[in-house]
Every structure is written in structure tokens, then in C-alpha cells.
Amino acid sequence: MKSVLLLGRGLSEYTDMFNLKDDELAGKRILDCAAGVSSFRSEMNRKGFDVTAVDPIYSRKPDELEALAEESFKRHRRFHGDFLSGIKVKGVPLEDYRRTVFREFLSDYRKDPAGYIAGELPHLPFSNLQFDLVLSANLLFLYEEKLSYRFHVEAVREMLRVGREMRIFPVTNIHRRRRSIYLQGIIEEFADHEILIQRVPYHEETGCNEMLIIKSIDS
């Protein structure tokens, strides 16, 4: 989608979005699905974790991504400048933080391209249960006006094909400040799985601080 901004999140944000704990992740194969220009893969691999990132933009060269990201920063500033002016992440102004995240991503993307796989939902280029945990941030539910309910179902099914457990953040259409209209249908669609909606410490100030966990019963 052309309207999706290339504004990556860092490890500290992933930790809060998905309630991640190092001791629970030890030895697990992790997939960041629709990872974009986030630095999660780079930061986690530096800590010794096995993380793969997948996104359709990884068919592009580093210089192309750099230009696209810069355009995203300009668009975001143009449309959300007033909103962004007072926001900080870990004490750093939001845009400065996002640029730091992008530089971390781009450095790793240049250095270790094998960790970044070009692919997109609902058809991922991985084998069945190749991963123990699949994380998907800021795509499903968030863009319910642009992505159909059927796409959501197929995307969730595909992530469960390649991983034993998947986590989606948020379950909210943040722009409308409510749970997605697709959430209940997804819960019913995958009722034969273990399902949990969990509060997380990210976006507490907006009330959009819930994550969906779906696990295969036999995982």
C-alpha cells in the first residue's frame, strides 16, 4: 500500500507492544512480519536471538529504501507535525528516534541482507512451522479501511502456518480509537486455537494498548 509509511519501531517499542521477555524468547526462531524499516531484527540479533524479517520492500536496494524513508518522514511531518512536536520515545524527540531506528535498520540491511526476506501476506516464502513466534505490528486491524476482512483471515492463517504462535499489535483502529470491526470475527474464525487479548504497556495514554495472541493448540 502506497499510504503505509516507512517509519520503523525499535526494540524497546517491540518489547512494550508484544510483552516480550528475553528468558521466554531464548532459543526461539522469531519472524517479524511486515517488518518494514524497524531495527528489531538488528537489535535482537546483536543480543544473540534468531530473528528474520520479512516485508515486500526488501526487494529494493538500500539506496531506494533510504529515499522512500526520507519521503515518509516528510509526509509524516507535513500531516502530523503538530501532533508529533511533543512526543518523545525514551526521552528522545519522536522524529529523531525514528531516524535512529532507520539508520540501525539500514546498516544491518546492507551488512546482512540474508536476514531480510522479500515477501508479503497472505503468502509468505517460508515452510510450515519454520518459526516459533511470529510478530506483526501496525498493519492488521490498524488499516481495516484498506485491508479487507478476508485479507485479515488469510493473513492470520498464513502466519499460523509458518509459526506456532503469532502476536498482533494493535487490535485497535487507532485513528478511530476503538477495537477493529474485524477483531471478533477473527476470534471466532480461529476458535479452535488458543486465543488471548492481552493489555500491553505501549500506547497506554491512548487506550490502544491491546495485543492479540493466537497459538496452535498443540504448540
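The values are calculated or read from the model by the stated rules, or taken from the named source; none is laboratory data. Given the structure is predicted, the values throughout are model-derived calculations rather than measurements. Ideal geometry is used to build each Cβ from the backbone, glycine not excepted, and the neighbour counts take in all protein chains shown. SASA here: full protein model, heavy atoms, side chains in, ligands and nucleic acids out. Shrake-Rupley method; radii C 1.70, N 1.55, O 1.52, S 1.80 Å.
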Along the dipole axis of the chain (charges at Cβ: +1 for Lys and Arg, -1 for Asp and Glu; origin at the Cα centre), the most positive-end residue among V200, M17, P62 is P62
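Leaving ligands, DNA and RNA out of it, report the carbon-plus-sulfur percent of the accessible area of the stretch 4-61 at a 1.4 Å probe. Could the numbers behind the result be given before it?
Details: 1000 of 2240 Å².
After summing per-atom areas, the C and S share lands at 45 percent.
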Between K21 and I181, the two model label points (7 Å from Cα along the beta-carbon direction) sit apart by a distance in nm of 3.8 nm
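May I ask which of K47/K74; K47/K111; K21/K47 have a Cα-Cα span longer than 23 Å here?
Working: K47/K74 32 Å; K47/K111 16 Å; K21/K47 13 Å.
Result: K47/K74 exceed 23 Å.
Loop-only check: which trypsin sites (Lys or Arg not before Pro) in the stretch 165-203 are DSSP coil with at most 12 other Cβ within 10 angstrom?
Numbers: sites: R167, R176, R177, R178, R179, R199; in loops: R176, R177.
Passing both the DSSP loop test and the Cβ count: R176, R177.
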Treating only Lys and Arg (+1) and Asp and Glu (-1) as charged, each at its beta carbon, one finds that the chain has a dipole about its Cα centre, in Debye to the nearest 20, of 540 debye
Relative contact order in percent for the chain (Cα pairs under 8 Å, 6+ apart) equals 22 percent
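With an 8 Å cut-off on Cα pairs and a minimum separation of 6 or more residues, tell me the relative contact order of the stretch 154-212 in percent. Write out the running numbers ahead of the final one.
Values: 51 pairs, mean separation 22.9, N = 59.
With pairs under 8 Å counted, the relative contact order is 39 percent.
Sorted by packing (mean other beta-carbon atoms within 10 Å per residue), highest first, where do 44-54, 17-27 land? Could you put the intermediate results ahead of the total?
Details: 44-54: 17.7, 17-27: 13.8.
Descending mean neighbour count gives 44-54, 17-27.
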Residue span R110 to A67: 0.36 nm per residue of separation minus Cα-Cα distance leaves a gain in nm of 14.0 nm
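By average Cβ neighbour count within 10 Å, what is the ranking of 32-42, 105-115 from highest down?
In decreasing order of mean packing, 32-42, 105-115 become 32-42, 105-115.
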With label points set 7 Å from each Cα along the Cα-to-Cβ direction at F151 and E194, the distance between them in nm comes to 3.1 nm
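So what is the accessible area of the chain per residue, in Å², with the probe set to 1.4 Å? Intermediate results must be reported in sequence, preceding the final value.
Values: 10870 Å² over 219 residues.
Here the per-residue accessible area is 50 Å².
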Note: R46 to I174 extended length (0.36 nm per residue) minus current alpha-carbon separation gives 42.9 nm
